[in-house]
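Participant: Okay, handing you the structure first.
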Amino acid sequence: MSRRIVLSVAAGVVVLGGAGAFALAHAGGQPPALAHSTARYTAPDGDRDGSLTFTTDVTASSDVKSVKVLAWPANSSFARKGLTAKDMAAAESAVCKPSGGDTERCTYEVTVTRADADGSPRGLWHVAVLTTAEDGDTTLDTKAADFTR
């Protein structure tokens, strides 16, 4: 083999090895990602309470530490000023269970009483989600899912 071919092959191995190491390092630092988010609202009926159920799949390379959920009306002050991670501090937590690989299925369910329903606005609502990974990375999706009340 000529020296030029050997040098070309060696340079190619170095470039490909460096690209592979960069890809692995980059993949490890990704913030949590949400997928397949759904919200289901059932209104109270007669003596029966209603419910709000939100489900999402969260993928985090360093495992999921917490998932906070907040339902908010589309015509609220959050629509005008924007929802922040600070607003989510007091939100309730979803329950997460492993569903394969780096992904967890997270579910939030709350009972809706007749008084709750009567005291809240009708119309379009959004579900905001603040996801925190074990390494501290966060993702805020202010409109992860919608429902009509």
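Participant: Expressed as a rounded percentage, what relative contact order does segment 32-149 have, with Cα pairs under 8 Å and six or more residues apart?
Facilitator: Once divided by the residue count of segment 32-149, the mean separation gives 35 percent.
Participant: Express in nm, to one decimal, how much length is gained between THR53 and LYS81 on full extension, taking 0.36 nm for each residue of separation and deducting their alpha carbon distance.
Facilitator: Result for the pair: 7.5 nm of gain on full extension.
Participant: Same structure, new question: For the full complex of protein chains and a 1.4 angstrom probe, list ARG149, ARG40, ARG114 by accessible area with the highest value first.
Facilitator: ARG40, ARG114, ARG149
Participant: What distance in nm lies between label points placed 7 Å from Cα along the C-beta direction at THR38 and VAL95?
Facilitator: 1.8 nm
Participant: What is the packing order of peptides 103-109, 120-126, taking the mean over residues of other C-beta atoms within 10 Å and listing the highest first?
Facilitator: Result, highest mean Cβ count within 10 Å first: 103-109, 120-126.
The values are calculated or read from the model by the stated rules, or taken from the named source; none is laboratory data. Model, not experiment: these values are computed from the prediction. Here Cβ is always computed from backbone atoms with ideal geometry, including for glycine, and neighbour counts include all displayed protein chains. Just the protein is used for accessible areas: all its heavy atoms, side chains included, with ligands, DNA and RNA removed. Shrake-Rupley method; radii C 1.70, N 1.55, O 1.52, S 1.80 Å.
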